[in-house]
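See below for the structure under consideration.
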């Protein structure tokens, strides 16, 4: 009763809820999405096939992202025009990402030196995750080392290099004080956001936020407020696309969601008792731990 | 065919409904018992949806 079969693996539902609780706790404590750790964990710990891990992670993200979407709407930060420009392209991106995942899965396995089969899709996605998490860990550690204070209250935007790209048509972003940006370039960025979401089962902010901050020169506060609608739409369409290909296991998604709903509240309460510096370092340690676990799994499967 | 439609609709709407209920319950609890200490901002707002 408490076990379900996913792919050809028996998975314990209480264990999934416990993972959801832990991930929700991390998400609530650090103020992050938590999706970055979920897909690798489903694949590493439960041996759930990567396409189902990606689809189910996206599905449960609908439940967690609707709250942040509603919450951010109250603050009215950011530039909604960016969302509208990018959302169409992002839907094509999600479709492309889901197809790419299907293509990788269809490549099947290759044999390692000892003749054991190694899944191409799992190995590729683990590599992408490891690189992404290493980058995020180095960024967080760098900020912790400098003792950098959050600049989230600053709302000053200084136009970045992408605002100087001249590919018509153009649009103004009055809410963030940028007079002219290329719609075409923005659409491609939306496409990349969707592609990552469909391929990896994450929100897709990994592509969007650095581009908005360093490419367009948005303040952190405006960047965090921009794209919430886009990311929510991306997660919805991504779930639809993956469900269409039977990559979503609703039982897995709901078991995780049940745990993470409670965990995020507990995490948010704990964060008030810990200094930001300690939080940053613990977050980096968590990321590096995940990279280590992925690395060990990759080495083990290749050797 | 009908089974697939129901399955896809469930995959989209069940977690959405769950999220809405959770949001409503959290807001109701916060309204009834507002937190005593001011809520601390997330340590890394720049990463809020970064990953």
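Summary of values
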| item | result |
| --- | --- |
| Residue of A:205, A:190, A:127 that the Gaussian network model of chain A assigns the largest fluctuation, springs spanning Cα pairs under 10 Å | A:127 |
| Contour minus Cα-Cα distance for residue A:188 and residue A:45 (0.36 nm per residue) | 48.0 nm |
| Surface/4 estimate of mean projected area, convex hull on alpha-carbon atoms of the protein assembly as shown, nm² | 19.1 nm² |
| Protection proxy ranking, peptides A:95-103, A:235-243, B:16-24, average beta carbon neighbours within 10 Å, highest first | A:235-243, A:95-103, B:16-24 |
| Neighbouring partner chain Cβ atoms per residue of A:47-60, average, 10 Å criterion | 1 |
| Extension gain (nm, one decimal) between residue A:172 and residue A:158, 0.36 nm per residue minus Cα-Cα | 3.6 nm |
| Test item: A:220-229 mean partner chain Cβ contacts at 10 Å | 2 |
| Label-to-label distance, nm, for residues given as residue A:134 and residue A:278 (7 Å Cα→Cβ offset) | 3.1 nm |
| Neighbouring partner chain Cβ atoms per residue of B:19-29, average, 10 Å criterion | 5 |
| Ranked packing of A:281-288, A:216-223, most packed first, by mean Cβ within 10 Å | A:216-223, A:281-288 |
| Calculated on alpha-carbon atoms, Rg and Dmax of region A:227-287 in Å | 16.2, 44 |
| Distance between region A:177-215 and region A:271-303 - C-alpha centres, whole angstrom | 26 Å |
| Directionally averaged projected area (convex hull, Cα atoms, region A:1-97), nm² | 7.7 nm² |
| CD proxy at 222 nm, helix term only [per DSSP H run n ≥ 4: -39500 (n - 2.57); per residue of chain A; nearest 500] | -23000 deg cm²/dmol |
| Burial ranking of peptide ranges A:2-11, A:18-27, A:268-277, A:56-65 (average Cβ count within 10 Å, highest at the top) | A:56-65, A:18-27, A:268-277, A:2-11 |
| Residue A:251-residue B:6 pseudo-label distance in nm [points 7 Å out on the Cα-to-Cβ vector] | 1.7 nm |
| Spin-label pair residue A:92/residue A:270, simplified geometry with 7 Å Cα→Cβ offset, distance in nm | 4.4 nm |
| Normalised contact order of region A:3-302, rounded percent, pairs of Cα under 8 Å and 6 or more residues apart | 38 percent |
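Each value in this text was obtained by applying a stated rule to the coordinates, not by laboratory testing. Source: prediction; values computed, not measured. All Cβ positions, glycine included, derive from the backbone under ideal geometry; neighbour counts span all protein chains shown.
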